[in-house]
Amino acid sequence: MSTPRAQRRAFDRDAALEVALREFWLHGYETTSVASLTRAMGINPPSLYAAFGDKRQLFSEVVQHYAQTHGSYGARALAEPTARGAVETLLRLAAAEHTDPSHPPGCLVINAATNCTPAAEDVKAELRGFREGTKQAIKEKIEADIDAGRLPEGTDAEALATFYAAVVQGMSTQACDGVGRETLERVADTALAAWPTGARPTGAPRGTGPV
């Protein structure tokens, strides 16, 4: 039989994380206070600390929740078999997700720590790690396509991955400024026009140019 204390602690954790996510997404990490979080979540500070630890620990859990929900488009895009397919899917899904009216605009991982003070450097580093992980995954897919002959041998994988990561980050900022999905789709079209051409013929050894 549950005790009154256990009953008070019972709540939907995912729903609480979603509420906290919206607060951090709208206001950023440092501007979001424990008072505003508990007010939005409908709990008192002791309950927040008991369930999630402090604000910093809650934020890390929120970021993981975001990666599994609203931010999962990155992982879905990277599951594409080719770098070109992954990048196109990433851009298309980013245009849709960054402008989805059901949640705040842009991307939490891009925007939540843009104006943090040095005291929150670990928060900035955590979010930077997510962004760098995506960029590294794009780079590895590009390198694999160079090896497979789907991209020219002289393609700069690091620069190309950084370029498309910058486009996605810029799309988030534009969405926060009110730019709509249709415009971001055109941004994606423009960025994809920069994709390298002149792949090695199928079966040709490395060092053999296009015919």
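The values are calculated or read from the model by the stated rules, or taken from the named source; none is laboratory data. Only a predicted model underlies this, so the values are computations on that prediction, with no experimental measurement involved. Because the Cβ atoms are built from the backbone with ideal geometry, glycine has one as well, and the counts that use them run over all protein chains shown. SASA here: full protein model, heavy atoms, side chains in, ligands and nucleic acids out. Shrake-Rupley method; radii C 1.70, N 1.55, O 1.52, S 1.80 Å.
Would you list which aspartates and glutamates come within 15 Å of residue 139, measuring only between C-alpha atoms, while excluding same-chain residues fewer than 8 positions from it?
Within reach: 80, 88, 147, 153, 156, 158.
How large, in percent, is the carbon and sulfur part of the accessible surface of the stretch 21-85 at a probe radius of 1.4 Å? All intermediate terms of the calculation are to be shown ahead of the outcome.
On the way: 1580 of 2990 Å².
Ligands and nucleic acids excluded, carbon and sulfur give 53 percent.
Averaging sequence separations of C-alpha pairs under 8 Å and six or more residues apart, then dividing by the length of the stretch 76-192, give the relative contact order as a whole percent. Mind dumping the intermediate values first?
On the way: 105 pairs, mean separation 43.6, N = 117.
Contact order relative to length: 37 percent.
Using the charge dipole of the stretch 39-178 (Lys, Arg: +1 at Cβ; Asp, Glu: -1 at Cβ; taken about the Cα centre), state which of 163, 66, 149 has its Cα farthest towards the positive end.
It is 66.
Taking Rh as the Kirkwood radius, which is the inverse of the mean 1/r over Cα pairs, what is the Rg/Rh value for the stretch 61-157? Write down the numbers at each step before the final one.
Values: Rg = 15.3 Å, Rh = 14.7 Å.
Ratio of gyration radius to Kirkwood radius: 1.04.
What's the magnitude of the charge dipole for the chain around its Cα centre, counting Lys and Arg as +1 and Asp and Glu as -1 at the beta-carbon? Answer in Debye, nearest 20.
Details: 22 positive and 26 negative charges, 98 e Å.
The dipole magnitude comes to about 480 debye.
With +1 on each Lys and Arg Cβ and -1 on each Asp and Glu Cβ, and nothing else charged, work out how big the dipole of the stretch 56-98 is about its Cα centre, in Debye to the nearest 20. Could the numbers behind the result be given before it?
Values: 4 positive and 4 negative charges, 9 e Å.
That gives the stretch 56-98 a dipole magnitude of about 40 debye.
Quote to one decimal, in nm, the extra length available between residue 148 and residue 166 on full extension: 0.36 nm per residue of separation minus the C-alpha distance between them. Before the final figure, lay out the partial values.
Details: separation 18, 0.36 × 18 = 6.48 nm, distance 2.54 nm.
Roughly 3.9 nm would be gained on extension.
Work out Dmax and Rg for the chain from the C-alpha atoms and quote the Rg first, both in angstrom.
For the chain, the Cα radius of gyration and maximum Cα-Cα distance read 20.9, 77 Å.
Of 173, 114, 17, whose Cα points farthest to the positive end of the dipole of the chain (charges on the beta-carbon: +1 Lys, Arg; -1 Asp, Glu; origin at the Cα centre)?
Sorting the options by dipole projection puts first 17.
Size of the dipole of the stretch 20-122 about the Cα centre, Lys and Arg at +1 and Asp and Glu at -1 on the beta carbon, nothing else charged, in debye to 20? Numbers along the way, then the final one.
Numbers: 7 positive and 10 negative charges, 34 e Å.
With only Lys, Arg, Asp and Glu charged at Cβ, the dipole is about 160 debye.
Angle between the Cα long axis of helix 55-68 and the longest principal axis of the chain, 0 to 90 degrees, nearest 10?
40 degrees
Among all the lysines, which ones have a C-alpha under 19 Å from residue 55's C-alpha, if same-chain residues fewer than 8 places away are not counted?
124
Given labels modelled 7 Å from the Cα in the Cβ direction, how far is it in nm from residue 195 to residue 51?
For residue 195 paired with residue 51, the spin-label model returns 4.4 nm.
Taking a probe of 1.4 Å, how large is the accessible area per residue of the chain, in Å²? Could the numbers behind the result be given before it?
On the way: 10920 Å² over 211 residues.
Solvent-accessible surface per residue comes out at 52 Å².
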